[in-house]
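Read through the structure below, which is laid out as structure tokens, and then see the notes.
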Amino acid sequence: MSDNLSIRKANKEDNKSILRCMLLAMEDIACKFLATENKQYAADFLLHFICQEGNMYSWQNCWVVEKGKEVIAAANIYEGAQLEILRKPVINFVRQHFNPEFDPEDETQAGEFYIDSLGVLTEEQGKGYGTTFLQFLIEEFVVRNKQNLGLLVREENPGAKKLYLRMGFKAVDKRMLAGKKMEHLQISL
């Protein structure tokens, strides 16, 4: 890969780097889940679960892009059929500590691996690293492992949608997540 890039499964020591990238993709959604506007609560919440095992935000479900020795991008991906199991500890925590009414929409389902979040550090955006990362994930999940790969894109983010469509994703339906209109895109062989 160019620019001294490498892509690998995350490890536990990547937690704070994963958080930086994940916040870019879902800080406002985490705030909505917690029923707060306090961005520090959202960051603490995500870091808590990134550091843990057996949940949807765990480092175990992440891939990272390193430039040199610095993590510049992270993607959180898990099997859609595992959604209920992986989000149960998250739902319980949110209901107990923040938002007793928390009842999130299903963002994925069986039959796809789901990119829950993908973030590239702001200072590294616009350099093609996100595209390179997506190409790798498509190769890993779709080509090599013959899986469907899905994601949600916000309707108010046409630039991201254009990138995903250019990479071969197709619109399959529309969904709501945390009160936001989303388009569900998928790529398969």
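The values are calculated or read from the model by the stated rules, or taken from the named source; none is laboratory data. Quick caveat, the model's predicted, so the values are computed rather than measured. Cβ sites come from the backbone with ideal geometry, for glycine too, and all protein chains shown count toward neighbours.
Tabulated values for the structure
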item	result
Verdict on LEU118 being part of a helix (DSSP H, G or I) and aliphatic (A, V, I, L, M)	no
Selection status of GLY159, surrounded by fewer than 18 Cβ atoms within 10 Å (Cβ to Cβ) and not in a helix (DSSP H, G or I)	no
Pair list, Cβ under 7 Å, 6 or more apart: region 166-189 residue among the aliphatic types (A, V, I, L, M), other residue assigned to a loop (DSSP other than H, G, I, E, B) and crowded, with 19+ Cβ neighbours inside 10 Å	LEU177/GLU107; LEU185/PHE169; ILE187/PHE169
From the options GLN147, GLN135, GLN186, residue that is in a strand (DSSP E or B), among the polar types (S, T, N, Q), within 18 Å of the chain's Cα centre (by Cα) and surrounded by 14 or more Cβ atoms within 10 Å (Cβ to Cβ)	GLN186
Filter result for THR122 (within 23 Å of MET182 (Cα to Cα), surrounded by fewer than 16 Cβ atoms within 10 Å (Cβ to Cβ), β-branched (Val, Ile, Thr) and within 17 Å of the chain's Cα centre (by Cα))	yes
Where ALA110 falls short, out of the listed (1) assigned to a loop (DSSP other than H, G, I, E, B); (2) over 22 Å from SER58 (Cα atoms); (3) modelled with pLDDT of 95 or more	(2)
Residue among GLU53, GLU84 that is closer than 18 Å to LEU151 by Cα, surrounded by fewer than 19 Cβ atoms within 10 Å (Cβ to Cβ) and within 19 Å of the chain's Cα centre (by Cα)	GLU84
So GLY111, is it free of Cβ contacts under 8 Å to residues at least 40 places away in the same chain, more than 27 Å from LYS32 (Cβ to Cβ) and surrounded by fewer than 21 Cβ atoms within 10 Å (Cβ to Cβ)	no
Residue match in region 64-79 (condition: under 15 Å from the mean Cα position of the chain (by Cα) and not in a strand (DSSP E or B))	no
Every residue from region 1-26 that is polar (S, T, N, Q), over 18 Å from THR131 (Cβ atoms) and not in a helix (DSSP H, G or I)	ASN11
One residue from GLN125, GLN147 being among the polar types (S, T, N, Q) and in contact with an Asp or Glu (Cβ under 8 Å, 6 or more places away or on another chain)	GLN147
